[in-house]
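The values are calculated or read from the model by the stated rules, or taken from the named source; none is laboratory data. If you're wondering where the values come from, they're calculated on a predicted model, not measured in any experiment. We place every Cβ from the backbone using ideal geometry, glycine too, and count neighbours over all the protein chains shown. Keep in mind that these areas ignore ligands, DNA and RNA; they rest on the heavy atoms of the full protein, side chains included. Shrake-Rupley method; radii C 1.70, N 1.55, O 1.52, S 1.80 Å.
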Amino acid sequence: MRRMTSNDHTDNEMKTEAGGDRELELIEIELLLTGIHRFYGYDFRNYALPSLRRRIWHHVHAEGLSTISALQEKVLHDRECFERLIYNLSIPVTEMFRDPDLFLTFRQKVIPLLRTYPYIRIWHAGCSTGEEVYSMAILLHEEGLYDKARIYATDMNSRSLQQAKEGVYDIKRMKQYTKNYLEAGGNGSFSEYYTAKYNSVIFHPFLKKKYDFC
């Protein structure tokens with residue numbers, strides 16, 4: 001049997017793009033997404049089709065398959081395959097103090113209101129790899145509110161959530177993260193919140209004590 005090459009993959013996608021098998025492809029995608037929703041409870045059915053289609057085909061090729069129907073069969077019978085697909089469909093987009101203006105506004109406008117509450121609960125939905133979770137912990141710590149807060153951080157991507165729990169990140173990102181921290185109104189030294197080791201940094205454990213990653 002001849003191995004499928006990258007040119008074969010391109011030809012396959014071009015064929016569906018040309019319209020010959022386009023209707024069949026849409027049926028396959030619909031069945032895949034319906035199967036995932038019904039069996040695993042994850043609903044991707046309203047995602048933007050062009051982006052979703054590209055990621056599905058990428059995963060078809062990554063699994064060494066030739067059709068979306070074959071991927072559907074493997075996903076429904078192989079939990080690890082499903083986990084890999086989820087990871088590819090949910091591309092994490094995050095960084096420490098992402099959108100510094102938003103964090104600065106939160107510090108200036110929302111923090112005074114939170115000071116009036118005896119207890120604070122915050123939910124980070126779709127926390128990705130956790131950078132913005134630790135950003136919030138730092139902000140609350142600097143404003144003296146961390147001890148009366150409880151923060152819940154959730155994400156459907158188990159790999160991203162595991163990294164968030166560990167709090168370990170690439171040291172190369174710290175320059176940009178420090179810049180974001182200062183622009184977000186940080187009033188200390190950003191490097192005080194983590195320990196550098198080799199090519200990584202790990203954020204200090206006290207930043208996790210008020211978090212539930214789930």
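Brief remarks on what is shown
- Filtered by the rule that a residue be assigned to a loop (DSSP other than H, G, I, E, B), surrounded by fewer than 12 Cβ atoms within 10 Å (Cβ to Cβ) and among the polar types (S, T, N, Q), the range 93-116 gives a lone residue, THR116.
- Those residues of the range 1-41 which are surrounded by 13 or more Cβ atoms within 10 Å (Cβ to Cβ), farther than 22 Å from LEU76 by Cα and either basic (Lys, Arg) or at pLDDT 50 or above (or both), in sequence order: LYS15, THR16, ASP21
- Unmet criterion (only one of (1) open to solvent by 10 Å² or more (accessible area, probe 1.4 Å); (2) more than 13 Å from the chain's Cα centre (by Cα)) for GLY167: (1)
- Within the range 74-92, the set of residues being open to solvent by 60 Å² or more (accessible area, probe 1.4 Å) and part of a loop (DSSP other than H, G, I, E, B) comprises just one member, ILE91.
- Residue in the range 201-213 that is among the charged types (D, E, K, R), loosely packed, with under 15 Cβ neighbours inside 10 Å and in contact with a strand residue (DSSP E or B) (Cβ under 6 Å, 6 or more places away or on another chain) present: yes
- Exclusive hit being among the charged types (D, E, K, R) and more than 21 Å from the chain's Cα centre (by Cα), set ARG53, ARG115: ARG115
- For first residues located in the range 105-131 and at positive phi, partners that are open to solvent by 30 Å² or more (accessible area, probe 1.4 Å) and assigned to a helix (DSSP H, G or I) and lie 6+ apart or on another chain with Cβ distances below 9 Å form the pairs SER128/GLN163; GLY130/GLN163; GLY130/LYS165; GLY130/GLU166.
- Restricting the range 155-207 to residues that are aliphatic (A, V, I, L, M) and in a loop (DSSP other than H, G, I, E, B), the residue that is nearest to ALA137 (Cα to Cα): ALA184
- Candidates GLU166, GLU132, GLU143, filtered to the one that is out of contact with any Phe, Trp or Tyr (no Cβ under 7 Å at 6 or more places or on another chain) and modelled with pLDDT of 95 or more: GLU143
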